[in-house]
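Novice: I am attaching a structure below and will ask some questions about it afterwards.
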Amino acid sequence: GENPYFARAAANRIWANLFGRGIVEPVDDFSQGNAPSHPELLDFLAAELRKHGYDQQFLIRVLTSTEAYNRTSRLT
C-alpha cells in the first residue's frame with residue numbers, strides 16, 4: 001500500500017495478460033520516457049485495484065466483462 005507504483009504495475013500486467021499488450025509497453029518499462037497509451041485508464045484501474053485490497057481476481061472479472069474484452073480479434 002505504501003508503494004505508489006505497485007498498483008499501476010499490477011494493473012498494467014493484468015491488462016497485458018488479457019489484451020495481449022500493456023497500457024505501458026513494454027510491460028515493465030515505467031520510465032519517464034515511456035508514457036502509458038491511456039494514462040487515465042491506467043490510473044483508474046490502479047485505484048480500483050487498491051480500493052479492492054489488491055484483489056487481482058476482482059480486476060480480472062471487471063476487465064473480462066467489458067465490451068472491449070469481448071470483441072473479436074478476427075478480421076471480418
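Novice: Restricting to the range 31-45, and then to whatever is more than 18 Å from TYR69 (Cβ to Cβ) and open to solvent by less than 40 Å² (accessible area, probe 1.4 Å), can you tell me which residue is nearest to the chain's Cα centre (by Cα)?
Specialist: PRO36
Novice: Same structure again: Six or more apart or on different chains, Cβ under 6 Å: which pairs go from a residue in the range 5-30 that's open to solvent by less than 20 Å² (accessible area, probe 1.4 Å) to one that's small (Gly, Ala, Ser) and in a loop (DSSP other than H, G, I, E, B)? Could you list them?
Specialist: From the range 5-30, the pairs are ASN12/GLY22; ALA16/GLY22; ILE23/SER37.
Novice: Right, next: Confirm whether ARG71 is open to solvent by 70 Å² or more (accessible area, probe 1.4 Å) and of a type outside the set (Ser, Thr, Tyr).
Specialist: yes
The values are calculated or read from the model by the stated rules, or taken from the named source; none is laboratory data. What you are looking at is a predicted structure, and each value in this text was computed from that prediction instead of being measured. Cβ atoms come from the backbone with ideal geometry, glycine included; neighbour counts cover every protein chain shown. The accessibility values were calculated without ligands, DNA or RNA, using every heavy atom of the protein model including side chains. Shrake-Rupley method; radii C 1.70, N 1.55, O 1.52, S 1.80 Å.
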